[in-house]
1. Can you tell me how many residues in the range 28-53 are loosely packed, with under 10 Cβ neighbours inside 10 Å and either under 20 Å from the mean Cα position of the chain (by Cα) or not charged (D, E, K, R) (or both)?
2. Among the residues of the range 37-58, is any part of a strand (DSSP E or B) and either in contact with a strand residue (DSSP E or B) (Cβ under 6 Å, 6 or more places away or on another chain) or at pLDDT 95 or above (or both)?
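The values are calculated or read from the model by the stated rules, or taken from the named source; none is laboratory data. Everything numeric here is computed off the predicted structure, so don't read it as measured data. Cβ sites come from the backbone with ideal geometry, for glycine too, and all protein chains shown count toward neighbours.
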Amino acid sequence: MPRIERAAGIVWEGNLARGEGAIAAGSGTFTGLPYTLATRIGRPDGKTSPEELLAAAHGGCFTMSLAGELTGAGTPPGRLEVSCRIVMDEVEGQGHQIVASHVEAVASVDGLDDAGLKAALAAADAGCPFSALLKRAGADVHVSGRLA
């Protein structure tokens, strides 16, 4: 696979407590995603957060890795539904840190049994660059799944 580089642009106006920002993808696929400190640590109120974007990135990467593993095993998926939940918490002496990512998959795959799914989930986790990144950073990555 070739080297991959992607970018996003962020504009922030105001101080941390009362300011607000907007995030845009370099590709143009999304622009103006609003975020604030209040909606980052409290209710989202229709705004995003860096943690939500990380959950989307990890979940998206893992889903592609799982599709590749299942296809390579001769059981290509009909449908994968994956959710990812990122957890940020206070770590003594380190401030707020990403401490965990919980990935859950529901797979519709003809001819696949529970053992095959379990093996594919483990291989997908091992092959997912975002899982590797989070683990190297000290976060716990939890992967689970079930057949639809």
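1. Residues in the range 28-53 being loosely packed, with under 10 Cβ neighbours inside 10 Å and either under 20 Å from the mean Cα position of the chain (by Cα) or not charged (D, E, K, R) (or both): 6 in total.
2. Looking for residues that are part of a strand (DSSP E or B) and either in contact with a strand residue (DSSP E or B) (Cβ under 6 Å, 6 or more places away or on another chain) or at pLDDT 95 or above (or both), one finds none in the range 37-58, hence no.
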